[in-house]
Amino acid sequence: TQSTWGLRKLTMSEKVIEVVLRSASVSSVAASESSRQTDNGDAAAQSSAATETEATEQSIDDTENVEQKEATESAPSSSLADEAFEKEPPRKESVFAAPFSVLDRDEGEFEDIISTKDFEDAILSMRRPSERTHTHEDRAHTDLRKGSRAEDGSIVALNAKPSPLQMFKKEVRLQVPQASLQLSPFFHEALQDPDLGCNGKALEIQVSGKGFLTVEALLETFEFLCAPSKPLDQVQVTRQNQFAMFAAANLLQLEPLQAHVSRIISNRLTVNTVILALTLAQKHRDANLLRSAYWWLKQYLIHTIDSSVPAPDGQTITSEKTVFKNENNKIVHGRFGVSLAAFKPLVAETDARFAVYSICKAGYDLCRVERQRAANGGYPHIYTLTRDHDGSFVMAAARYTENGPFFISIDPKVIVPHDRCYTGCITANYWGTKFTLFNHGVSDDLRSNPGLLGLPVSARKELMQVSWETNLMADKPRVLHAQFPDPEPDSQQTIKLENLPPRWDDRLGSYTLNFYGRVTVASAKNFQLVQAGDLDNIILMFGKIGKDRYHLDFRHPLSLLQAFSIALVGLGKKRVVL
């Protein structure tokens, strides 16, 4: 296919390096797995996974040890990987078709190896230019020294290591400007290596076929390497090649491209790809991809246990029974598995991430709460907390039914339980008189459910209780109580707050409180909280300033999450509190 980066000729003044891309006679994990990950992820795709026998049988924990062995592999017949690549349009083999020049594509050239360096998914070698081209039959008969001929004429039991006489499944020869190669730390280091100097020699990358890397993905990365200023969204990253593109970018140490592909994989996670993504992320130490795939898997597993929890990314899960299983403390899907221990650092990271919303600060924090109702005043109700001085967003909450829980999130657009932005929830009793604030963790019932497969998750903790006194006759002001653990280190005390009693004003004929100009609209929902026995120090003020608009001012010992929760409780509907 014509290069997406445009056409240009290699000038006589440019120093070029000949690069040979070769794939060994084994199927690529990336191709064989990705070729079945269709857009709809239907049952046929899952069925094909059970019948493929060419890819690695090892989980991610065993991958590194397996790749160090000089194992032998069978030369496969036509596989799903081959079919996927055959469907792609052939690359135009003109010398001027791309910023690099495609010189030749053949079943295999024979050159003497000068030196070799092993990498994760590939072997980098330096070879002398070949003096003659062997025919296919010559190569097949010659390679019998290293293997044996099967009934169909193919060569089997080829040595996985490169040798002067080895047949390759695919080969592409390129001439690449040296300046472009230098942009890759991988090639920059290789060109500086005296053992891999390019004095008239060809630089070869032999794809081992045991990992995710493919020759086709390397060609795409070369196009990016030769035009790094072009937008990343012009790089062809499909569902079929996304894992191979990630491996190629990682091999060539192209961090911007790797981060871009990682984001694409994260946005395309499905039941069929999430374990592959976790495998790739752990293998190449991509923390962002590991984090995204973990959160997707966590929400999916919880959804299969409790259907009231939305499926990740709004996907429709056709079966409530999970397709994953726990084998030897690994979550497994198909031929891939990830150790549960890999997720434990993410749990600690999550706890630290949300701990900042439970920190108490000295001085008043001035905020604003706005409520957005559904059509005709119905549910859901969406609440947004912003800073009063600059309007910056802090967090949001949603209540989807009249007496349902409040879900709190640091994402104003997606407010659902147990996703990566889920900050906590507030549950209520039937009468709407008692509310309990919990953190972002998972309840004990869910954590102990076999359907979670032992996945490490944060434990749910109670942060505060808020209660209202019943007021069926509506003949007195509301009475509110709140209690929570003292935030001071090593303290075993419980902080208790209560609302400051308003005073009756004969002139106005109503109860009043001094809000010091922060509240402008009279409302039964306006209140102030003080510590029991200390009526002079106001801890929290909440009051109306317009339709569905309120001011929320608070200070130590209340945290941001606790203060916002008290405001939500004040706004929520209650059956016996008027």
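The values are calculated or read from the model by the stated rules, or taken from the named source; none is laboratory data. The shown structure was predicted, so the numbers you read here are calculated from the model rather than taken from an experiment. Glycine also receives a Cβ, built like all others from the backbone with ideal geometry; neighbour counts cover every protein chain displayed. Remember, those area values only see protein heavy atoms, side chains included, never the ligands or the DNA or RNA. Shrake-Rupley method; radii C 1.70, N 1.55, O 1.52, S 1.80 Å.
Computed values, structure above
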| item | result |
| --- | --- |
| Low-density loop cleavage sites - trypsin sites (Lys or Arg not before Pro) in segment 522-578, where at most 15 other Cβ are within 10 Å (DSSP) | K525, K547, K573, R575 |
| Cα→Cβ-extended label distance, 7 Å offset, between D486 and K413, nm | 4.5 |
| Hypothetical label at K525: residues of segment 365-385 whose amide nitrogen lies under 11 Å (7 Å Cα-Cβ projection) | 369-373, 382-384 |
| Potential extension, K434-K15 segment - 0.36 nm per residue separation minus Cα distance | 143.2 nm |
| Cα-projected label distance for D351 with D445, points at 7 Å along beta-carbon direction, nm | 2.4 |
| Nearest-10 value in Å² for the accessible area of E370, using the 1.4 Å probe | 80 |
| Per DSSP, loop trypsin sites (Lys or Arg not before Pro) in segment 243-339 with at most 12 further Cβ within 10 Å | R285, K321 |
| Full-stretch length increase - A259, T401 - with 0.36 nm per residue and alpha-carbon distance subtracted | 47.2 nm |
| DSSP-loop chymotrypsin sites (Phe, Trp or Tyr not before Pro) across segment 341-432, with at most 11 other Cβ within 10 angstrom | Y430 |
| Point-charge dipole on Cβ atoms (K/R +1, D/E -1) for segment 421-509, about Cα centre, debye to 20 | 220 |
| Debye log10 I(q)/I(0) for segment 489-578, one point scatterer per Cα, at q = 0.14, 0.16 Å⁻¹ | -0.55, -0.71 |
| For segment 214-227, Karplus couplings with θ = phi - 60° (6.51, -1.76, 1.60), whole Hz, Gly/Pro x | 9, 5, 4, 5, 4, 4, 4, 5, 5, 5, 5, 5, 7, 8 |
| FRET efficiency, 1/(1 + (r/R0)^6) with R0 51 Å, evaluated for E189 and L535 via beta carbons | 0.10 |
| Segment 464-517 shape via C-alpha gyration tensor axes, a/c threshold 1.5 | oblate |
